[in-house]
Amino acid sequence: MGAIRIAIVAGEASGDLLGSHLVKALRERLPQAEFIGIAGPKMIASGVQTLFPMEKLSVIGFHEVLRNLFSLLAMRRELKRKIIAFQPHVYIGVDAPDFNFGVERAMRKQGILTVHFASPSIWAWRGSRIHKIKRAVDHMLVLYPFEKIIYDKAGIAATYVGHPMADTIPLEDKRVAVREQLKLGQASQVVALLPGSRRSELHMHADLFVQTAQRLRQLLPEVQFLAPLSTKETRQLFEEALYRNQAQDLPLTIMFGHAQEAMTAADCVLVKSGTATLEAALLRRPMVITYRIPKVTHFFVKRLFYLPYFGLPNVLAGRFIVPELMQDQATPDNLAQALKTWLDDKEARQNLLAEFERMHLELRQNTAQRASDAILGLLQARRAC
């Protein structure tokens with residue numbers, strides 16, 4: 001195929017991981033390819049030259065976006081200019097849809113092939129974005145099988161590629177080995193606490209998760225807790241919440257990263273809504289899903305949602321299979337009681353595991369390979385034309 005130039009832009013840690021798998025798969029087929037764009041550490045390690053720090057795109061909520069709006073718009077203008085000068089054969093937007101669709105539309109006007117990986121949650125909210133997608137994207141790579149049906153109906157080319165997390169998480173349960181590694185008793189009751197990976201999420205969730213752990217310990221005095229936190233800043237915010245709530249005596253181990261190990265070792269998980277809920281499901285762990293966002297943000301977005309559930313396990317099942325307690329329902333008492341129910345009900349846990357196994361097998365599609373095959377097919381078709 002000759003030297004291929006690829007522009008690829010990711011906006012946060014999950015996109016960086018997704019993009020890194022794709023870049024590695026493309027490099028196996030196109031060892032001379034050049035990659036530039038916006039990348040995090042994993043994509044950079046895979047050989048992507050980043051034009052801007054990825055952290056500049058990692059904002060959440062209306063307040064945060066508005067506060068950074070001018071710098072985001074300026075960065076997007078400069079990014080367009082640099083990528084058009086690079087003249088890529090394909091532009092790949094990895095998540096960050098509100099940022100990437102604008103760039104993709106500009107690239108498409110320049111005759112550059114555009115691929116988006118993966119679909120925003122148009123099935124959950126803001127479904128009208130399908131029209132923007134149709135103007136911006138030549139081909140959509142989707143992670144969930146029901147998404148392809150949506151794009152087929154809209155007349156947008158799409159390929160179902162499965163979810164990369166389902167490829168990397170083993171089908172067998174590693175609980176025994178991980179508990180030995182973490183020096184946890186095999187008979188102990190263990191709860192993993194995952195309040196989020198952003199500072200803004202810790203501001204909303206740290207006290208809530210600490211108070212929930214305190215309530216649960218009152219109900220189950222022998223319970224132990226694991227709290228994997230991804231950065232020094234989020235760890236500091238969580239430790240401040242422990243101090244604020246006089247919870248230094250909690251039987252709690254704070255881990256620097258290693259969220260997957262924490263969930264594997266746990267009997268159940270308290271997790272903020274997001275991709276981590278899918279990770280918990282693929283690890284076959286019962287969970288309680290929660291989320292709090294600023295009240296102003298919630299006021300604007302609450303009417304935009306179409307589904308009664310937010311967590312990916314419930315979305316994939318098409319019904320509530322794990323509890324979700326959001327906003328005002330997210331109280332320490334409610335969350336602690338929901339966690340206790342999972343710990344007490346062995347039969348319910350076993351029934352849930354069968355549903356999680358079905359999900360895992362359905363999503364296990366060798367995603368990076370399928371995605372790279374789709375992109376190579378598009379490049380070959382474009383070259384033939």
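The table below lists the values:
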read-out	value
Relative contact order of the range 175-363, defined on C-alpha pairs under 8 angstrom at six or more residues apart (%)	24
In Hz, Karplus ³J(HN,Hα) per residue of the range 371-385 (6.51, -1.76, 1.60; θ = phi - 60°; x = Gly, Pro)	5, 5, 4, 5, 5, 4, x, 5, 5, 5, 5, 5, 5, 5, 6
Residues 122, 375, 254, sorted so that the one with the fewest Cβ neighbours within 10 Å comes first	254, 122, 375
Charge-dipole axis of the range 175-363 as Lys and Arg at +1 and Asp and Glu at -1 on Cβ define it, positive-most pick from 176, 312, 354	312
Among the listed pairs 80/295; 295/340; 24/80; 183/346; 148/346; 24/148, those beyond 26 Å (Cα-Cα)	80/295; 295/340; 148/346
Charge tally in the Cβ shell below 11 Å around residue 182, where Lys, Arg are +1 and Asp, Glu are -1, residue 182 excluded	+1
Amide H contacts under 5 Å for residue 114, placed H, 5+ residues apart	91, 138, 139
Placed amide H near residue 4: partners under 5 Å, 5+ positions off or other chain	33, 34
Calculated [θ] (222 nm, deg cm²/dmol) that DSSP helices of n ≥ 4 give over the chain, each run adding -39,500 (n - 2.57)	-16000 deg cm²/dmol
Nonlocal amide H pairs with residue 224, under 5 Å, H built at 1.01 Å	189, 190, 191
The range 80-87 - phi-based ³J(HN,Hα) in whole Hz, Karplus 6.51/-1.76/1.60, Gly and Pro as x	4, 4, 5, 6, 4, 5, 6, 6
Signed unit charges on C-beta, dipole axis of the chain, positive-most listed residue 343, 281, 110	110
Dipole magnitude of the chain, debye to nearest 20 (Cβ charges: Lys/Arg +1, Asp/Glu -1, about Cα centre)	1600
Derived scalar couplings ³J(HN,Hα) [the range 110-120; Karplus, 6.51 cos²θ - 1.76 cosθ + 1.60; whole Hz; x for Gly, Pro]	8, x, 8, 4, 10, 10, 10, 9, 10, 4, x
Antiparallel bridges, percent of DSSP beta bridges restricted to the range 200-335 (to nearest 5)	0
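Values in this text are rule-based calculations from the coordinates and carry no lab data. Remember, it's a predicted structure, so these values are computed and weren't measured experimentally. Because the Cβ atoms are built from the backbone with ideal geometry, glycine has one as well, and the counts that use them run over all protein chains shown.
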